[in-house]
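Asker: Supplied in structure tokens, the structure appears directly below.
What follows is calculated from the coordinates using simple rules that are stated; it is not laboratory data. No experiment lies behind these values; they were computed from the predicted model shown. A quick note on method: Cβ atoms are made from the backbone with ideal geometry, for glycine too, and the neighbour counts reach across all protein chains shown.
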Amino acid sequence: MTDDAPETLMRLWRRSERPARGRPSVLDIDSVVAAAVALADREGIANVTLANVAKELGVTKMSLYRHIGSKPELLELMADVAIGDPPELESTGDWRAELTTLAEANREVLMSHPWLVELPLSGPPAGPHAVAWMDAILRTLRDTGLDWGTKGGILLLVGGYVRLACAQAIQLAEGRKNSGLSQAQAEQAYGKGLAELIDAERFPDAAGFLAFGFGVEPEQADDHDFAFGLDVLLNGVAALIDAR
């Protein structure tokens with residue numbers, strides 16, 4: 001943990017602002033972070049620098065330091081604001097359905113702000129929105145009989161799966177952006193082309209898989225892949241609950 005971590009936590013929870021010197025500032029943490037998030041959504045996270053954020057706000061770079069300790073701190077504040085709060089779920093006693101809803105909602109947030117998956121993970125949830133997601137996921141497991149350590153492991157697994165699935169989807173979309181093809185169409189073209197080249201005797205299972213043609217309609221592929229992976233993960237959770 002860095003020396004300024006306590007200050008970062010205070011700003012994440014809006015409990016502290018650096019004292020203003022001279023004339024009162026027209027900025028606050030929220031306005032700085034909002035400008036940075038808008039810049040990241042529009043131009044990508046690589047273009048989010050303190051100088052560029054200051055330019056967006058029409059102020060000097062130095063004026064930002066009244067509210068933001070550093071660029072890494074700004075990124076942490078941005079991430080917490082961008083993810084927002086999780087959807088409110090009415091408890092039904094169906095942990096699997098509730099956890100699925102939260103995972104799908106998390107996916108929607110990450111795909112809406114693709115730069116989020118590019119940010120390094122600096123530690124466990126720390127801001128109010130991140131903690132709200134943590135609490136919501138743990139709440140779905142409240143009546144499962146699992147211990148806190150197991151629940152924490154499931155929290156990491158679900159969050160990690162959603163992040164990885166989104167990162168992969170975003171990278172694949174970037175790789176094919178000039179092709180005019182959807183991911184499923186690109187996969188089908190790849191499979192058809194490769195099937196004509198490989199030796200079925202040398203790679204029998206790969207040949208069989210390619211002949212299968214990936215088996216999903218193009219308009220359903222992205223949702224199918226995400227749902228399949230999540231379902232496999234939740235099957236493991238169900239096994240833990242059954243064996244508790």
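Asker: Computed over the Cα atoms of the stretch 25-70, what is the ratio Rg over Rh, Rh following Kirkwood? It would help to have the intermediate numbers written out before the result.
Answerer: Working: Rg = 9.6 Å, Rh = 10.4 Å.
My calculation puts Rg/Rh at 0.92.
Asker: What does the extension gain come out to for E104 and D135, with contour length at 0.36 nm per residue minus their alpha carbon separation?
Answerer: So the chain would gain 9.5 nm between E104 and D135.
Asker: Hey, can you rank 83-89, 32-38 by average C-beta count inside 10 Å, highest first?
Answerer: Values: 83-89: 13.9, 32-38: 20.7.
Highest mean packing first, the order is 32-38, 83-89.
Asker: Suppose a student asked you for the relative contact order of the chain, using Cα pairs under 8 Å spaced at least 6 residues apart; what percent would you report?
Answerer: Details: 197 pairs, mean separation 39.4, N = 244.
This gives 16 percent for the chain.
Asker: Could I get the Rg over Rh figure for the stretch 26-118? Both from C-alpha atoms, Rh via Kirkwood, rounded to two places. Walk me through the intermediate numbers first.
Answerer: Numbers: Rg = 16.2 Å, Rh = 14.6 Å.
Rounded to two decimals, Rg/Rh equals 1.11.
Asker: Which ³J(HN,Hα) values in Hz, rounded to whole numbers, follow from the phi angles of the stretch 101-113 under the Karplus curve 6.51 cos²θ - 1.76 cosθ + 1.60, where θ = phi - 60° and Gly and Pro get x?
Answerer: Each residue of the stretch 101-113 in turn: 4, 5, 4, 5, 5, 4, 4, 4, 5, 5, 6, 6, 10 Hz.
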